[in-house]
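A.B. asks: Below are the C-alpha cells for one structure; questions will follow.
The values are calculated or read from the model by the stated rules, or taken from the named source; none is laboratory data. Please read these numbers as outputs of a predicted model, since none were measured by experiment. Because the Cβ atoms are built from the backbone with ideal geometry, glycine has one as well, and the counts that use them run over all protein chains shown.
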Amino acid sequence: MPITKQNVSKHELIGLEARVVNSSDKNLIGTYGTIIDETKDMLVIDQAGKPKIVQKTSSVFKLTLPSGEDIDVDGAKLVARPEDRIKKRVK
C-alpha cells in the first residue's frame, strides 16, 4: 500500500524527508533532512550529517512522500511507539 496523506500515520517514517515547519522550540524550525530514527515521542532527523532530535507533540512536520507529494503532519498525531502506531486504526 503506497503512503498517502490519509494513511501516513500507518506507515514507517524512517527514510522520509522531513522539515520542521512549526515548533514550540523556535531553534528547530527549518530543520530539514532524512528521518533516521523514531521513538514514542521523538523523531531523529539527519541534518547535514548531524542528528537533530525533535519532539513530536510540539512540532508540525512537512513530510515528502515517495510519490514526491509534500504534506503537513501534526506531530501530536504521530505520538506512539512506531510499532503500535502502525497497528492503530486511523479515524
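A.B. asks: Which condition from (1) in contact with a strand residue (DSSP E or B) (Cβ under 6 Å, 6 or more places away or on another chain); (2) of a type in the set (Val, Ile, Thr); (3) surrounded by fewer than 14 Cβ atoms within 10 Å (Cβ to Cβ); (4) touching a residue at least 12 places away in the same chain (Cβ under 8 Å) is the one that Thr39 breaks?
C.D. replies: (1)
A.B. asks: Any idea which residue in region 64-76 is surrounded by the fewest Cβ atoms within 10 Å (Cβ to Cβ), counting only those that are more than 13 Å from Asn22 (Cα to Cα) and of a type outside the set (Asp, Glu)? If you could, list the steps in order and put the result at the bottom.
C.D. replies: Narrowing region 64-76 to residues more than 13 Å from Asn22 (Cα to Cα): 64-71.
From what is left, the residues that are of a type outside the set (Asp, Glu) are 64-68, 71.
Values: Thr64: 15, Leu65: 16, Pro66: 11, Ser67: 8, Gly68: 6, Ile71: 14.
Looking at the filtered set, the residue picked out is Gly68.
A.B. asks: If Asn22 meets every condition in (1) farther than 20 Å from Lys87 by Cα; (2) modelled with pLDDT under 95 apart from one, which number is that one?
C.D. replies: Of the numbered conditions (1) farther than 20 Å from Lys87 by Cα; (2) modelled with pLDDT under 95, the odd one out for Asn22 is (2).
A.B. asks: Being within 16 Å of Ser58 (Cα to Cα) and of a type in the set (Lys, Arg) is the filter; apply it to region 6-37 and report the residue that is nearest to the chain's Cα centre (by Cα). Steps first, please.
C.D. replies: Initially, region 6-37 is screened for residues within 16 Å of Ser58 (Cα to Cα), giving 18-31.
In the following step, the residues that additionally are of a type in the set (Lys, Arg) were identified as 19, 26.
Working: Arg19: 8, Lys26: 17 Å.
Selected residue: Arg19.
A.B. asks: A further question follows. Take region 1-26 and flag every residue that is polar (S, T, N, Q) and outside any loop (DSSP other than H, G, I, E, B).
C.D. replies: Narrowing region 1-26 to residues polar (S, T, N, Q): 4, 6-7, 9, 22-24.
Listed by number, the residues that qualify are Ser9, Asn22, Ser23.
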